[in-house]
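Here the structure is laid out as structure tokens; the discussion comes afterwards.
All of the numbers you see were taken from the coordinates with simple rules; none came from a lab. Model, not experiment: these values are computed from the prediction. Cβ atoms come from the backbone with ideal geometry, glycine included; neighbour counts cover every protein chain shown.
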Amino acid sequence: MVIGTSLSVYPAAGLVNYAPPFAEKYYIDPKELEGANIYDFKIIKEKAGVGVPDLVEQLIK
């Protein structure tokens, strides 16, 4: 789960590459993300205070 970052500052931006290919990956941020390699992420265009609780609710169902 990536929350509220542009994924443009390293080394933190490179951490997404360590997620296993079979893992469900989520990007939560209301801003448009450009240039980051998150093609297999599910994008939630919300602020963290809204997006995280919504996602947690979906995951525990």
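Observations on the structure shown:
- For TYR39, the conditions (1) in contact with a helix residue (DSSP H, G or I) (Cβ under 8 Å, 6 or more places away or on another chain); (2) farther than 16 Å from THR5 by Cβ all hold with the exception of (1).
- The single condition among (1) over 24 Å from LEU59 (Cα atoms); (2) surrounded by 11 or more Cβ atoms within 10 Å (Cβ to Cβ); (3) not polar (S, T, N, Q) that ILE3 does not satisfy is (1).
- Set side by side, the residues TYR39, TYR27 differ, and just one is aromatic (Phe, Trp, Tyr), surrounded by 11 or more Cβ atoms within 10 Å (Cβ to Cβ) and not in a helix (DSSP H, G or I), which is TYR27.
- Qualifying residue in segment 42-57 (condition: assigned to a loop (DSSP other than H, G, I, E, B), free of Cβ contacts under 8 Å to residues at least 12 places away in the same chain and either loosely packed, with under 13 Cβ neighbours inside 10 Å or not small (Gly, Ala, Ser) (or both)): no
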